[in-house]
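We did not get these values from a lab; they are worked out from the coordinates using the rules stated. No experiment lies behind these values; they were computed from the predicted model shown. Because the Cβ atoms are built from the backbone with ideal geometry, glycine has one as well, and the counts that use them run over all protein chains shown.
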Amino acid sequence: MNRYELTYIIDTALEETARKELIEKVSALIAANGGEVEKVDETWGKRRLAYAINYKTEGWYVLVTFKAPTDLPKELERNLEIYDSVIRYLVVKLVEKRSNVKPRAARPAAPVAAPAEEAAVEAAPAVEAAE
């Protein structure tokens, strides 16, 4: 099963009880088709839309994270098209982040050598200045 994220916007003309029922319907639809709802996030709440959609300028944003078989997103989109109170929706497959960097192989620890003794200082022969 893959992880998905569904974001949809509900019309603000819908009453609170009807809005809660719609959110429950969407969650039940996911569960009925073999999915598992991980999180339903309504904290975005009522927001102004960036542009008018069907002459509406505000909407309730809902974010749902779920695990599901690969055929469920298509079925979910088909059902969300039917609901008149859903203004927009987007289903995205979540991908785990992978690093292209391979871990370095562990190097064997080199024995710590004692510091070398200082070399004896030798005097350099004097050089005569040429005139």
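Below, the figures for the structure above:
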quantity	calculated
Structure-based [θ]222 nm, the chain - -39500 (n - 2.57) summed over DSSP H runs of at least 4, per residue, nearest 500	-7000 deg cm²/dmol
Crossing angle, helix 72-82 versus the chain [Cα axis fit, 0-90 degrees, rounded to tens]	40
Net charge of neighbours whose Cβ lies under 12 Å from the Cβ of LEU90, counting Lys and Arg as +1 and Asp and Glu as -1	0
Viscosity 0.890 mPa s, 25 °C: Kirkwood-radius Stokes-Einstein D of the stretch 2-93 over Cα pairs, µm²/s	184
Distance between the stretch 69-84 and the stretch 11-66 - C-alpha centres, whole angstrom	14
Highest to lowest packing among 69-82, 91-104, scored as the average C-beta count within 10 Å	69-82, 91-104
Cα-based Lys proximity count in the chain, under 18 Å, for pairs eight or more positions apart or on separate chains	11
Peptides 5-14, 50-59 ordered by average Cβ neighbours within 10 Å, highest first	5-14, 50-59
